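Read through the structure below, which is laid out as structure tokens, and then see the notes.
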Amino acid sequence: MSIDFTLSPELEELRMRVRDFITTVVAPAEAQIKNEADLDRAEYIHLLLDLRRQAHDLGLWLPHMPEEWGGMGLGHVELAMVQAEAAKAYYGPFALNCMAPDEGNMHTLLHWGTDEQKERYLRPLCEGTAMSCFAMTEPEVAGSDPTLIRTTAVQDGDEWVINGHKWFISNARRASFAILIARTEDNPDLPQAANTAFLVDVPSEGWERVREIETMHGGTGHSEIVIEDLRVPAAHMLGGRGHGHMLGQYRLGPARLAHCMRWIAQAETALDMMVERSLERFSHGSILAEKQGIQWMIADSTMELYQAKLMVLHAAYRIDHRLDFKSEVSMAKHFVANMLNRVIDRSIQVHGALGYSTDTPLAHMYQHARWARFADGADEVHQMRIAQRTIAAFRDERSTKRATGDLPI
Ligand SMILES: Cc1cc2nc3c(=O)[nH]c(=O)nc-3n(C[C@H](O)[C@H](O)[C@H](O)COP(=O)(O)OP(=O)(O)OC[C@H]3O[C@@H](n4cnc5c(N)ncnc54)[C@H](O)[C@@H]3O)c2cc1C
């Protein structure tokens, strides 16, 4: 019998070290950033880089990368507990150098990059001396369907000439390179084989960042990019010609799950706050924790968080064991994103006006959480794929069992 949810003493010690680092180093720095209104940009950058230096010195660096790239060499189940601890603080994943989109880009480069590409692009990401972005979404066509991408790359001798329009490119203003997805094939056999990935140095002539997009959580680094006659050397193609879709899907599997790991941390914080507030607030003759209506919110959130943790651990287990994980990651991504929104919403409800204010982190968390339901695969697209796999399982085997995690139960 090999199902075992306990951690080895070494991993438990590691989890506690991450927790300790987040509580004693990252959280106070975050409080300083929030409270010191006169902190100038240079001091702010210095604070952030110092967090990274400390994480690196403590060996809490690149939990998702192999040791030969300076990482901690963890599997995905082990990574789940590190990410879930790190994301208890907003800057935690940044400090450990395991935040999106760099984390997903590192996986992609590690798997698809040539030796030269790895040295030039992956090495500085791992060393923390460069940042990157992933440029796929376009304003004119549905981001949910990358077969519609209009940005084109046309070969001209030893170069590719790229024209197009991208938006919501996270981190583009800080990035020293982009993984860009462009259409290279006119009539591919499969619509999914139309696109190719390129490594683009930033800045480059022809790559123009025209604006920072203001979102419901402010302007935090999502850019609109106009691409005009951008020339990229043929050697900067990442993966093969027509492999852009496959590469994007490969990148999104573990990257979606890493989002789930961080969302679990956020949901847990919201639930902790919900319970703490319900034990303090008195109304109509008793504390809130004694009201059935509040207990239901606590109970629903607890059950959903538990489900989320099991789904993420199981999907991570499947990745670690080289089993097909598409359906499990899809189901986890959909469930955890929705669970996160519901739990934060309930926590705001229990806090009343305080929850709506920016005196607690809840309002900020709520604004951030909303994107989880449509980015990296909208809810409805995941549901479409999950249903297709369930129907296929039934057609093949007259049973839906395979589609529900293929568990021995
Ligand atoms: C904060 C943030 C950061 C982002 N960072 C990046 C980034 O770094 N790089 C990048 O390339 N992109 C990024 N994106 C873009 C993101 O990947 C897209 O928003 C996402 O893929 C959805 O595409 P879209 O916005 O064009 O919505 P659309 O594709 O237009 O979809 C809109 C809605 O239509 C519905 N829908 C779509 N297809 C179907 C279907 N088949 N069945 C039923 N309903 C459907 C869904 O409800 C969906 O929410 C980011 C977005 C946000 C908000």
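We did not get these values from a lab; they are worked out from the coordinates using the rules stated. The shown structure was predicted, so the numbers you read here are calculated from the model rather than taken from an experiment. Glycine gets a Cβ as well: all are built from the backbone with ideal geometry, and neighbour counts include every protein chain shown.
Before moving on, here are some points about what is shown:
- Projected label points at residue 349 and residue 192, each 7 Å from Cα along the beta carbon direction, are separated by 3.9 nanometres.
- Residue 155 paired with residue 401, simple spin-label distance in nm, labels 7 Å along Cα-to-beta-carbon: 4.9
- Calculated diffusion of the range 132-238, Stokes-Einstein form, Kirkwood radius summed over Cα pairs, 10 °C and 1.306 mPa s, µm²/s: 114
- Relative contact order for the range 9-99, counting Cα pairs under 8 Å that sit 6 or more residues apart, in percent: 35
- Exposure proxy shown here: for 181, 391, the number of other Cβ atoms within 10 Å sets the order, fewest to most, as 391, 181.
- What the Cβ-Cβ distance of residue 378 and residue 292 gives, at R0 = 41 Å and to the nearest 0.05, is a FRET efficiency of 0.70.
- Measuring r between the beta carbons of residue 342 and residue 409 and using R0 = 30 Å, the FRET efficiency lands at 0.70.
- With 31 Å as the limit, the listed pairs 166/333; 166/309; 291/326; 291/401; 118/309; 166/401 have 166/309; 291/326; 291/401; 118/309; 166/401 beyond it between alpha carbons.
- Percent RCO, i.e. relative contact order, over the chain, from Cα pairs under 8 Å lying at least 6 residues apart: 12
- Sorting 386, 264, 3, 45 from the fewest to the most surrounding beta carbons within 10 angstrom yields 3, 45, 386, 264.
- Taking the longest Cα principal axis of the chain as reference, the axis of helix 41-57 is set at about 80 degrees.
- Sorted by Cβ neighbour density within 10 Å, fewest at the top, the residues 36, 159, 78: 36, 159, 78
- In this Cβ point-charge picture (+1 for Lys and Arg, -1 for Asp and Glu), the chain has a dipole of about 1100 debye about its Cα centre.
- The modelled label-to-label distance between residue 140 and residue 390, using points 7 Å beyond Cα along the C-beta direction, is 3.8 nm.
- GluC sites (Glu not before Pro) within the range 186-215: DSSP coil, no more than 16 neighbouring Cβ in 10 Å: 205, 214
- In the chain, taking the dipole from charged Cβ atoms about the Cα centre, the farthest positive-side position among 220, 394, 98 is held by 394.
- For the range 168-317, alpha-carbon Rg over 2.2 N^0.38 Å: 1.56
- The value for the range 9-99 of Rg(Cα) / (2.2 N^0.38 Å) is 1.10.
- Added length on full extension, which subtracts the Cα-Cα distance from 0.36 nm per residue, residue 228 to residue 15: 72.0 nm
- The chain: calculated mean residue ellipticity at 222 nm from DSSP helix runs of at least 4, using -39500 (n - 2.57): -15500 deg cm²/dmol
- In whole percents, the pair-distance distribution calculated for the chain from its alpha-carbon pairs, binned every 20 Å from zero, is 24, 57, 18, 1.
- Amide H contacts under 5 Å for residue 172: 223, restricted to partners 5 or more places along the chain or on a different chain, H placed in the peptide plane at 1.01 Å from N.
- Tilt relative to the chain, helix 379-397 - C-alpha long axis, 0 to 90 degrees, to 10: 80
- Prolate/oblate/rounded label for the range 299-409 (Cα gyration tensor, a/c 1.5): prolate
- Extension gain, residue 356-residue 303: 0.36 nm per intervening residue step, less the Cα-Cα distance, totals 16.6 nm.
- Between 0 and 90°, nearest 10: helix 244-280 axis offset from the chain longest Cα axis: 20
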